[in-house]
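Peer 1: I'd like to ask you about the structure that follows.
Read-outs: derived from the displayed coordinates by stated rules, not from any lab. This structure is a prediction, so every number in the text was calculated from the model and none was measured. All Cβ positions, glycine included, derive from the backbone under ideal geometry; neighbour counts span all protein chains shown.
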Amino acid sequence: MRIAVLVKDVPDLVEELELDESGRGLAVDDLSYVPSEWDDQALEEALLLKEASGAHVSAVALDTGDIDNMLYAALAKGADRAVKLVGDYDRTMPGRQRARILADYLAGAGYDLIMTGVQAVDDLDGQIAGLLGGMLGWPHASVVRDVALGADASGAVGFVQEYAGGRMAEFRSATPLVLGVQAAKKPPRYVPIARIRQVSRSATLEEVEAGAPTSESLLAIERLYRPEAQGHATMWEGDAAEVAAALMALLDEQHLRS
């Protein structure tokens with residue numbers, strides 16, 4: 001079983017986010033970037049499959065910036081191969097363009113199972129797995145966990161898909177298959193910086209020239225803005241009796257007390 005895990009870097013949300021001059025995007029050059037937490041979940045699930053059944057795991061990323069350390073970290077965690085798709089890309093590339101480039105590479109790369117995080121914090125649209133499935137003509141499912149490789153010769157992949165309201169369903173699918181992973185069976189493993197540096201000195205990232213972003217029809221962002229305050233908090237001071245009286249008066253005013 002050959003598994004490709006798609007990884008990307010996303011803004012570190014501990015920093016203050018600022019809009020660019022157009023007001024339609026983030027000032028991406030002023031941000032620090034970290035691996036997407038959901039992609040970490042997908043990588044961990046793939047590594048658990050490797051440990052359980054001997055699957056071969058590749059980490060694949062578009063070269064949209066300083067992603068080398070992210071790929072070396074994947075190797076340090078246990079991935080067998082790291083592939084960097086090289087082209088004229090930037091971090092603001094829409095998901096559909098990103099999916100098209102990935103699909104063009106994956107279509108002829110011989111993978112049986114494609115795993116990616118269910119979404120990423122920079123867009124939260126959760127579309128990559130579905131877009132890849134459609135572009136490749138492969139079955140796909142998102143918001144999945146508990147991925148398992150079949151023990152028989154059929155090569156079927158089992159997984160659990162989560163639904164609203166706490167409902168879940170178990171599926172089995174033939175490969176090739178695309179999965180958007182919600183959570184791994186275990187928390188993503190940690191590797192120290194020293195180990196990543198050691199791997200970076202001994203391992204090689206495989207660079208593959210990939211296609212240019214397409215001009216497919218895309219949704220256009222008209223405006224980004226901070227959430228607008230819709231109300232305010234009232235702070236009451238005084239002793240308990242005064243605060244209670246003020247609260248009862250507010251409930252009467254809002255017609256919330258029968």
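Peer 1: Quick one: Cα centre-to-centre distance for the stretch 196-258 and the stretch 16-42, in angstrom?
Peer 2: Distance between centres, Cα-based: 14 Å.
Peer 1: Using the count of nearby Cβ atoms within 10 Å as a rough guide to exposure, how do F171, F159 rank from fewest to most? All intermediate terms of the calculation are to be shown ahead of the outcome.
Peer 2: Numbers: F171 13, F159 19.
Listed from fewest to most nearby Cβ atoms, that is F171, F159.
Peer 1: A further question on this structure: Determine the distance separating the Cα centre of the stretch 50-76 from the Cα centre of the stretch 124-189; give it in Å without decimals.
Peer 2: The distance from the Cα centre of the stretch 50-76 to that of the stretch 124-189 comes to 19 Å.
Peer 1: What translational D, rounded to a whole number of µm²/s, comes out for the chain from Stokes-Einstein when the hydrodynamic radius is the Kirkwood one over Cα pairs, at 4 °C and 1.567 mPa s?
Peer 2: On the way: Rh = 20.7 Å.
Calculated translational D: 63 µm²/s.
Peer 1: Further, regarding this structure: So which helices of the chain fit the span-like rule, where a helix is a whole DSSP H run, its Cα atoms reach 18 Å or more along the axis, and its mean Kyte-Doolittle is at least -0.5?
Peer 2: Numbers: long enough: 37-53 (24 Å, -0.56); 240-253 (20 Å, 1.27).
Passing helices, by number: 240-253.
Peer 1: While we're looking at this one, here's another question. Per residue of the chain, what 222 nm ellipticity follows from adding -39500 (n - 2.57) for every DSSP H run with n ≥ 4, rounded to the nearest 500?
Peer 2: -8500 deg cm²/dmol
Peer 1: Using Cβ counts within 10 Å as a stand-in for footprinting exposure, how do D39, D9 rank, fewest first?
Peer 2: D9, D39
Peer 1: When L124, L43 are ordered from fewest to most other Cβ atoms inside 10 Å of their Cβ, what list results?
Peer 2: Ranked by crowding around the Cβ, least crowded first: L124, L43.
Peer 1: Same structure again: State which stretch of the chain is the longest one without any exposed GluC sites (Glu not before Pro), exposure meaning a DSSP loop state and at most 14 other Cβ atoms within 10 Å.
Peer 2: 22-215
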